[in-house]
Amino acid sequence: MLSDVLKEEYIKLNVEVTNWEEAIKEAGTVLKDNGVVNEQYIEEAIKNVKELGPYIVITKGVALPHATNKIGVNKTGISLITLKTPVEFGNKDNDPVYYIFMLATTDMESHISALSSLSELLGKPEFFDVLKNAKDSKSVIDYIKANEN
């Protein structure tokens, strides 16, 4: 379930960044500070976007940066940062991005149910209201726990 890998301490609200690279670094730093990944993983996630384009912008206003599980991942986790000012990733259909969910996984399977829960939540307009208006990470986690599949 999503709440198993997106923990309250993995959420940072109203982060100020100037571009997409900083946004990924901030989301990655949350995971790094909690022992989920190391710096190399964050750099790989940025490199992926540089090499493959903004495929990580998965829906309007939402990016899901990630890298291979072979480099710098200690355990499965997802961080969430909300941006004070949105940034452009270069995805004409879904920019600008306000919400970054950074995924790190130790294998190819353990995160599937979490991503399924996240996908369902991203289909609910009220989830975006919760993200936009959240005063603390607990309110986000409480909503997720009450609404995940």
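Read-outs throughout are calculated quantities, based only on the coordinates presented, and are distinct from any laboratory measurement. In this text the structure is predicted, and so the values were computed from the model without any measurement. Glycine gets a Cβ as well: all are built from the backbone with ideal geometry, and neighbour counts include every protein chain shown.
From the square roots a ≥ b ≥ c of the eigenvalues of the alpha-carbon gyration tensor of region 1-50, which class results: rounded (a/c under 1.5), prolate (a/b over b/c), or oblate? Cα axes put region 1-50 in the oblate bin. Could you tell me which of rounded, prolate or oblate describes region 12-87, using a ≥ b ≥ c as the square roots of the eigenvalues of the alpha-carbon gyration tensor, with rounded for a/c under 1.5 and, failing that, prolate when a/b is larger than b/c and oblate otherwise? Here region 12-87 falls in the oblate category. About its Cα centre, the dipole of region 1-134 is roughly 60 debye, where the only charges are +1 on Lys and Arg Cβ and -1 on Asp and Glu Cβ.
Classify region 68-149 from the C-alpha gyration tensor, please: rounded if a/c falls under 1.5, else prolate or oblate depending on whether a/b exceeds b/c. Oblate is the answer for region 68-149, as a/c is 1.5 or above yet b/c matches or exceeds a/b. Of all beta bridges that DSSP places with both ends in the chain, some 65 percent have antiparallel geometry.
For region 6-73, the set of GluC sites (Glu not before Pro) satisfying both a DSSP loop assignment and a count of at most 12 other C-beta atoms within 10 Å is given as E16. Here the 3J(HN,Hα) profile of region 132-139, calculated from phi with Karplus coefficients 6.51, -1.76 and 1.60 at θ = phi - 60°, is 5, 9, 4, 9, 8, 5, 4, 5 Hz, Gly and Pro shown as x.
The loop-placed trypsin sites (Lys or Arg not before Pro) in region 58-149, going by DSSP, that have at most 11 neighbouring Cβ atoms within 10 Å of their Cβ come out as K70, K92, K135. The distance linking region 80-149 with region 1-39 is 11 Å (Cα centroid to Cα centroid, whole angstrom).
Of (1) 0.92; (2) 1.07; (3) 0.98, which one was derived for Rg/Rh (Cα atoms, Kirkwood Rh) from the structure shown? Computing Rg/Rh (Cα atoms, Kirkwood Rh) and matching it to (1) 0.92; (2) 1.07; (3) 0.98 gives (1). As a calculated quantity, the FRET efficiency between E39 and I112 at R0 = 30 Å, using C-beta atoms, amounts to about 0.70. Largest GNM mean-square fluctuation among P65, P125, P96, using the chain with Cα springs under 10 Å: P125. With a cut-off of 16 Å on the backbone N, the residues of region 96-116 near the modelled label site 7 Å out from K132 along Cα-Cβ are 96-100. Taking 27 Å as the limit for the C-alpha separation, the pairs K12/K145; K32/K124; K12/K124; K47/K135; K7/K70; K25/K60 exceed it in the case of K32/K124; K47/K135.
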